[in-house]
C-alpha cells in the first residue's frame, strides 16, 4: 500500500478526543532527568552523533522510567539509525507509561505497516483511534490496510470509509485506492471503479498511474465476467 506522510501532529482538546500530543509524565520528571533530556535535544540540534543524544536520553529514562517523551525520542533516533526493533521497543514503552500520549502511535503504526505486521498494526491503530477518532485520517487508512491484509474486509471497509470521509483535502491518496481494492474483493464493482478513478486523478507518478489503470482494467474484467454469468435477463 506504500508509505504516507503522517502529517503535522497538533494538540487537540475536543469532545471524543482523549489523546494528547504532550505527556503528563514530563511535568513529573525529576530535574536530573529533565536536564538529561534537554542535553539530548541540544546534541541533536547541534548535529552531534546520534549516540550522544541516545546516551543522554537513556540517562533520562534511567532516572525516571516513566518519562514518555524521552522514550519517544529514543525510538525516533533508533528509527533514523534503522534500528527497528529498538525503535519499536521504545515507542511501546512510551505508550505503556502514558497511554494517552499520542505521538508514539503514528510512528509505531508506520513501522508495523512497513514490516507487514498486520495484527500488530490493527492493535496499534485501534488504540490510536480510541484516543482520537476525528483528527487522523491516516490512522483510519493504516487500520484499513491492516484489516485488508488480515482478511477482515468488513472492518477494513468501515475504516477506509471513515478515512475517506475525514480526508476531504485528499492528503492521503491511497485511501480511495485501498477502499477500491476492498470493494473489488467484495464484488461491488461500480463503486470500486469510482474509488479507483478518484485515486487515478489524485496521483501523478507513473508507477501509481499504471497501478490505478491496472486495477481499473481488472475491475472492468471482473464486472464484465459477472454480467456474462448473470445472463441478459438477470438483474
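Of everything in the range 85-114, what is touching a helix residue (DSSP H, G or I) at 6+ places or on another chain (Cβ under 7 Å) and not in a helix (DSSP H, G or I)? Give them in sequence order. Answer for the range 85-114, where residues must be touching a helix residue (DSSP H, G or I) at 6+ places or on another chain (Cβ under 7 Å) and not in a helix (DSSP H, G or I): 98, 100, 101, 102, 103.
Which of the residues spanning the range 42-57 are under 27 Å from the mean Cα position of the chain (by Cα) and either loosely packed, with under 14 Cβ neighbours inside 10 Å or over 19 Å from residue 90 (Cα atoms) (or both)? The one that is under 27 Å from the mean Cα position of the chain (by Cα) and either loosely packed, with under 14 Cβ neighbours inside 10 Å or over 19 Å from residue 90 (Cα atoms) (or both): 45.
Among the criteria (1) in a loop (DSSP other than H, G, I, E, B); (2) free of Cβ contacts under 8 Å to residues at least 40 places away in the same chain; (3) surrounded by 13 or more Cβ atoms within 10 Å (Cβ to Cβ), the one residue 66 does not fulfil is (2).
Taken as a whole, the condition of being surrounded by 20 or more Cβ atoms within 10 Å (Cβ to Cβ), modelled with pLDDT of 95 or more and over 22 Å from residue 106 (Cα atoms) applies to residue 60. When 101, 105 are screened for being in contact with a strand residue (DSSP E or B) (Cβ under 8 Å, 6 or more places away or on another chain) and under 28 Å from residue 150 (Cβ atoms), only 101 passes. Would you confirm, using the coordinates I've provided, whether residue 205 is farther than 28 Å from residue 99 by Cα and touching a helix residue (DSSP H, G or I) at 6+ places or on another chain (Cβ under 8 Å)? Here the answer is no, as residue 205 does not meet what is asked. Considered as a group, the residues in the range 115-131 that are touching a residue at least 12 places away in the same chain (Cβ under 8 Å) and not in a helix (DSSP H, G or I) include one that is nearest to residue 83 (Cα to Cα), and that residue is 115.
The values are calculated or read from the model by the stated rules, or taken from the named source; none is laboratory data. Predicted model only: the values in this text are computed from it and were never measured. Because the Cβ atoms are built from the backbone with ideal geometry, glycine has one as well, and the counts that use them run over all protein chains shown.
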